[in-house]
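A.B. asks: Here's a structure for you.
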C-alpha cells in the first residue's frame with residue numbers, strides 16, 4: 001500500500017463527533033473529527049446559529065454535554081427558537097446536558113468589561129473557557145460569535161493567540177467546537193479578520209445562492225482537517241426535524257451567483 | 001381491466017422502493033389519480049406525498065371532495081400556489097414551495113415528509129413531469145428526477161412519476177427511463 005493510501009485511511013479512522021445532521025455527517029464521511037475547531041461562517045440569515053444549536057442538541061441526546069457561549073443574543077431568545085424542534089427536550093437543559101452562557105456575564109466575572117483586551121486578558125479568557133469546559137465535562141462547544149469576541153481583540157496577533165489557544169485547550173479536553181463567524185455577503189474570505197480561517201481545523205461556509213431570482217440557502221464544507229469530505233455545495237432547509245440538505249442541482253448550467 | 005384497477009394492482013405488486021412511470025392520457029387522468037389516492041392509498045393505509053406542479057393543492061382537494069375521495073392520508077408539496085397572484089391560503093398537510101424552479105426545495109419538502117411519515121407506508125406521487133418542464137430546462141429536471149428517484153429508492157419508498165401523454169415530448173419521455181417500471185394508460189386500456 002502506498003504512503004498516500006495509508007495516509008487517507010489513517011485520516012478516516014479518526015474518531016468522529018457526529019453532528020446528528022445525517023446529510024452533513026455523510027458529507028464529512030461520518031462527522032467532524034473529534035477535537036477539531038470549526039469555523040461556521042456566512043452572512044446573516046444563512047442558518048449558522050440554528051445548525052450550531054442542532055449540533056449541541058444531538059450531542060446532548062447522545063449523552064455529550066454541550067455549552068453554548070452567546071455573545072450577540074440573550075440565551076432566553078435562543079432557547080425560545082430551539083423549542084419548536086421535534087427532538088428538543090427541556091430535560092436536557094434541566095439536567096445540565098445543555099448549558100447556555102451569555103458571554104457578557106463571563107466578561108463581567110473576569111473583570112473584562114472593556115472595549116479592548118490585552119494579551120494577558122486574552123489568555124485569561126481562553127483559560128477560563130477551557131477550565132469551564134473541563135469542569136463541566138463539555139464535549140461540544142459553540143461560540144456565537146467569534147467575530148464579536150475578535151472585535152474586542154483588535155490586533156491580528158491577539159486574534160491569532162485567542163483562536164490558537166482556545167482551539168488547543170479545547171482539543172486537549174476532547175471537545176469539538178464550532179466558532180460562528182459573521183461575514184458580509186460580498187466578502188471574498190471566510191472570516192472578518194482573515195486570521196480565524198487560517199487557524200481553524202475546518203470551515204463550513206453557509207450562504208445564499210441566487211439562481212434566476214430564486215434564493216437558496218446553501219452549505220459547503222470548504223476545509224476539514226482529519227477527514228476526506230465532499231466540497232460540493234448543498235441546499236438546506238430548516239425544519240422541525242432539523243436541518244435537511246440536498247445537492248445543489250447543476251443541470252441549469254451557469255448563471256448562479258453565490259454570496 | 002379498468003384504469004383505476006390497473007394502477008391499484010400494479011402499485012400493490014411492486015417491491016419497496018420501485019419507481020413507476022405513468023404515461024397518462026387526459027381522459028383517464030382523474031381515474032388514475034383516484035386509483036392512486038383512493039383505491040390504493042386509502043384502502044392500503046399508505047400515506048401519499050402528492051407533489052403538484054400542475055394544479056394548486058386547493059383545487060385538487062376541491063376535486064377530491066366532488067369525487068368523494070378521502071384525502072386524510074394525503075400531504076401536498078405544492079409549488080404552484082405561491083406563483084399565483086392571489087393571497088396564499090395555507091392549509092393542513094399542505095407544504096408550499098415558492099416556485100416550480102426551486103427543485104431543491106421541492107426535494108427537501110419530500111425528504112421532510114418521508115422522515116415525518118416514516119412510521120408507516122409512504123408513496124410519493126409527482127404530478128407532473130410535463131409541468132415541471134414548463135418552468136425548468138430539461139437538463140435540470142432530469143438531474144432532479146434522477147436524484148429524487150434514487151433517494152427514494154434507497155429508502156425503500158415507492159414513487160409514481162406522472163406524465164400527461166398529450167403534453168409529453170420525446171425529451172420528457174426519455175426522462176422516464178430513470179424509473180423501474182412504466183405503464184401507458186389510455187382510455188379503456190392499460191399497457
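A.B. asks: Mind telling me which of the residues A:242, A:202 ends up being within 14 Å of another protein chain (Cβ to nearest Cβ) and surrounded by 15 or more Cβ atoms within 10 Å (Cβ to Cβ)?
C.D. replies: A:242
A.B. asks: Collect the residues in the range B:16-42 that are within 24 Å of residue B:111 (Cα to Cα) and assigned to a loop (DSSP other than H, G, I, E, B), keeping them in residue-number order.
C.D. replies: Matches in the range B:16-42: B:16, B:17, B:18.
A.B. asks: Then there is this: Could you list, in sequence order, the residues of the range A:179-199 that are part of a loop (DSSP other than H, G, I, E, B) and either out of contact with any helix residue (DSSP H, G or I) (no Cβ under 9 Å at 6 or more places or on another chain) or within 14 Å of chain B (Cβ to nearest Cβ) (or both)?
C.D. replies: A:184, A:185, A:186, A:187, A:188
A.B. asks: Please state which of the following conditions residue A:158 fails to meet, knowing it meets all the rest: (1) away from every other protein chain (no Cβ under 14 Å); (2) buried (at least 17 other Cβ atoms within 10 Å of the Cβ); (3) closer than 15 Å to residue A:47 by Cα.
C.D. replies: Among (1) away from every other protein chain (no Cβ under 14 Å); (2) buried (at least 17 other Cβ atoms within 10 Å of the Cβ); (3) closer than 15 Å to residue A:47 by Cα, the lone unmet condition for residue A:158 is (3).
Results for (1) at pLDDT 95 or above; (2) surrounded by fewer than 22 Cβ atoms within 10 Å (Cβ to Cβ); (3) assigned to a helix (DSSP H, G or I), shown as yes or no for each residue.
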position	(1), (2), (3)
A:25	yes, yes, yes
A:35	yes, yes, no
A:38	yes, no, no
A:44	no, yes, no
A:50	no, yes, yes
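Let's see how each residue does on (1) touching a helix residue (DSSP H, G or I) at 6+ places or on another chain (Cβ under 7 Å); (2) free of Cβ contacts under 8 Å to residues at least 24 places away in the same chain:
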position: A:146; (1), (2): yes, no
position: A:163; (1), (2): yes, no
position: A:211; (1), (2): no, no
position: A:215; (1), (2): no, yes
position: A:249; (1), (2): yes, yes
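A.B. asks: Looking at (1) within 14 Å of chain B (Cβ to nearest Cβ); (2) within 19 Å of the chain's Cα centre (by Cα); (3) within 17 Å of residue A:44 (Cβ to Cβ); (4) surrounded by fewer than 19 Cβ atoms within 10 Å (Cβ to Cβ), which is the one condition that is false for residue A:210?
C.D. replies: (2)
A.B. asks: I'd like the full set of residues that are closer than 22 Å to residue A:247 by Cβ and either surrounded by fewer than 20 Cβ atoms within 10 Å (Cβ to Cβ) or touching a strand residue (DSSP E or B) at 6+ places or on another chain (Cβ under 6 Å) (or both), limited to the range B:128-142.
C.D. replies: Correct list: B:129, B:135, B:137, B:138, B:139.
A.B. asks: Does residue B:156 meet the test of being over 12 Å from the mean Cα position of the chain (by Cα) and surrounded by 15 or more Cβ atoms within 10 Å (Cβ to Cβ)?
C.D. replies: Considered against the rule, which asks whether it is over 12 Å from the mean Cα position of the chain (by Cα) and surrounded by 15 or more Cβ atoms within 10 Å (Cβ to Cβ), residue B:156 comes out as no.
A.B. asks: Assuming residue A:231 fulfils every condition listed in (1) more than 14 Å from chain B (Cβ to nearest Cβ); (2) in a loop (DSSP other than H, G, I, E, B); (3) at pLDDT below 95 apart from one, which condition is it?
C.D. replies: (3)
A.B. asks: Look at residue A:94 and say whether it is farther than 15 Å from residue A:50 by Cα and either touching a helix residue (DSSP H, G or I) at 6+ places or on another chain (Cβ under 8 Å) or in contact (Cβ under 8 Å) with a residue 12 or more places away in the chain (or both). Steps first, please.
C.D. replies: Details: farther than 15 Å from residue A:50 by Cα: yes; either touching a helix residue (DSSP H, G or I) at 6+ places or on another chain (Cβ under 8 Å) or in contact (Cβ under 8 Å) with a residue 12 or more places away in the chain (or both): no.
Here the answer is no, as residue A:94 does not meet what is asked.
A.B. asks: Before we move on, is residue A:121 touching a residue at least 24 places away in the same chain (Cβ under 8 Å), more than 23 Å from residue A:59 (Cβ to Cβ) and not in a strand (DSSP E or B)?
C.D. replies: It is false that residue A:121 is touching a residue at least 24 places away in the same chain (Cβ under 8 Å), more than 23 Å from residue A:59 (Cβ to Cβ) and not in a strand (DSSP E or B).
A.B. asks: Residues of the range B:169-181 being farther than 18 Å from residue B:17 by Cβ and buried (at least 19 other Cβ atoms within 10 Å of the Cβ), which ones? Give the derivation first.
C.D. replies: Step one: of the range B:169-181, the residues farther than 18 Å from residue B:17 by Cβ are B:169-175.
Scanning the range B:169-181 gives B:172, B:175.
The values are calculated or read from the model by the stated rules, or taken from the named source; none is laboratory data. Predicted, not measured: the structure shown is a model, and the values here were computed from it. Ideal geometry is used to build each Cβ from the backbone, glycine not excepted, and the neighbour counts take in all protein chains shown.
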